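Shown next, in structure tokens, is the structure this report addresses.
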Amino acid sequence: MILVTGATGTVGREVLRRLPADLAVRIMARDPARVTGAPSAAETVHGDFTDPASLTSALQGVHTALLVTNPDGDDDRRFLDPARAAGVRHVVKLSAAAVADPGAQDLITRRQRHNEDLLRGSGMHWTLLRPRAFMSNTLSWARSIRTDGVVRALYGTSVNACVDPRDVAEIAARALTEPGHEGRAHTLTGPEPLGAADQTALLAELLGRPLRFEELTPHQARAALGARYPAEIADALLESAERQRAGSKTTVDATLPHLLGRPARTFRTWAHDHLDAFAGL
């Protein structure tokens, strides 16, 4: 039995679409009604990392699990003890590329490192998936593009080798179902480093209409983040943006195309496939 957590999130829902239909799959979600695209034979159950009884129930009979958590919480610790007690043998964890960068010392990255250490010390087999930023993060621009024809972001010319979450999901599905991934950390990037200004220009081309890029000042960016996140998380995201500005996220890693046997999807491909979100159709 394979257990999938985070099934309504960016990667988890794509993993469900890529799991073979003949496998025994259980999906754990706080709201099972929100789960879509699951294999027809999959079992969907209610589960919450803060509810030990629900975790114990969801983990019964599971041998492999996909672990997707919020790094600013304590969900990894809550999950790993009952998983080990239930006899889970292999955990595939969604982490982040920044953990391998010694210059990344922001709060979110430190917590990701801690959570990776918890898994490595759990006694279970492990696989770590460490993606760069998801191309889908640009969906946060969709509203301003539709209404104003504007993208507003910090440091428009700083670049990041962002990755298509569908590629990350394909590797996650393979790690869950194929041997050879245990004890490995996979850094997953897209095929080229791009900045927000580059992405804006490409979206304008695909949409067939002009878009304007407006660069936020650090003060404006802090105010925008502070309206959405606690102050400590906003600070961590700004630290990450400064590292990107310094060039820490430009490296294109060969792991993803090696594992998939094909090139990583480009931002152009991702944007084309999601253009309706920006066009308002």
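Every number in this text was worked out from the coordinates using simple rules, so none of it is lab data. Keep in mind the model is a prediction, meaning the values are calculated, not measured. For neighbour counting, all protein chains shown are included, and Cβ atoms are generated from backbone atoms with ideal geometry for every residue, glycine included.
Please identify the trypsin sites (Lys or Arg not before Pro) of region 88-146 that satisfy two criteria: DSSP loop assignment and at most 14 other Cβ atoms within 10 Å. Which are they?
Answer in residue order: Arg89.
Label points 7 Å out from Cα along the Cβ direction at Thr56 and Thr255: separation in nm?
Between Thr56 and Thr255, the label points sit 3.6 nm apart.
Where does the charge balance sit around Leu225 when Lys and Arg score +1, Asp and Glu -1, over other residues with C-beta under 12 Å from its C-beta?
Summing Lys/Arg as +1 and Asp/Glu as -1 gives -1.
To the nearest 10 degrees, how steeply does helix 107-120 sit against the main Cα axis of the chain, on a 0 to 90 scale?
20
How big is the gap, in Å, between the Cα center of region 176-230 and the Cα center of region 106-126?
Answer, in whole Å: 24.
I'd like to know how region 207-281 sits against the 2.2 N^0.38 Å rule of thumb: what's its Cα Rg over that expected value?
Working it through for region 207-281, the quotient is 1.49.
Using only Cα atoms and rounding to the nearest 10 degrees, what angle (0 to 90) does helix 196-207 make with the longest principal axis of the chain?
90
Just name one of Ala221, Gly280, Ala33: the one whose Cα is farthest towards the positive end of the charge dipole of the chain (beta-carbon charges, Lys/Arg +1, Asp/Glu -1).
Gly280
Using the alpha-carbon atoms, what tilt in degrees (0 to 90, nearest 10) does helix 231-245 show relative to the longest principal axis of the chain?
60
If you place +1 on the Cβ of every Lys and Arg and -1 on the Cβ of every Asp and Glu, how big does the dipole about the Cα centre of region 153-195 come out, in debye to the nearest 20?
Dipole of region 153-195, to the nearest 20 debye: 80 debye.
Scan around Glu43 for amide H atoms under 5 Å from its own, H built in the peptide plane at 1.01 Å from N, and keep only partners 5 or more places away or cross-chain.
Those lying under 5 Å, H to H, from Glu43 are Val25, Arg26, Ile27.
May I ask for the distance between the Cα centers of region 13-61 and region 233-281, given as a whole number of Å?
27
Put a dot 7 Å past each Cα toward the Cβ at His114 and Arg30; how far apart are the dots in nm?
Computed distance between label sites Arg30 and His114 equals 2.0 nm.
Suppose R0 equals 30 Å. What FRET efficiency, 1/(1 + (r/R0)^6) with r the Cβ-Cβ distance, do Leu23 and Ala201 give to the nearest 0.05?
0.10
Taking the Cα centre of region 121-213 as origin, work out the dipole magnitude from +1 charges on Lys and Arg Cβ and -1 charges on Asp and Glu Cβ, in debye rounded to 20.
340
In the chain, if every C-alpha pair distance is counted and binned at 10 Å from zero, what percent goes to each bin?
6, 27, 35, 24, 8, 0
State to the nearest 20 debye the size of the charge dipole of region 134-281 about its Cα centre, where the only charges are +1 on K and R beta carbons and -1 on D and E beta carbons.
240
Return Asp167, Asp76, Asp31, Asp106 ranked ascending by Cβ neighbour count within 10 Å, so the fewest neighbours appear first.
Listing Asp167, Asp76, Asp31, Asp106 from fewest to most nearby Cβ atoms yields Asp31, Asp106, Asp76, Asp167.
Using a cut-off of 13 Å between beta-carbons, work out the net charge of the residues near Ser40 (Lys and Arg +1, Asp and Glu -1, Ser40 not included).
Within the 13 Å Cβ shell, the charges total -1.
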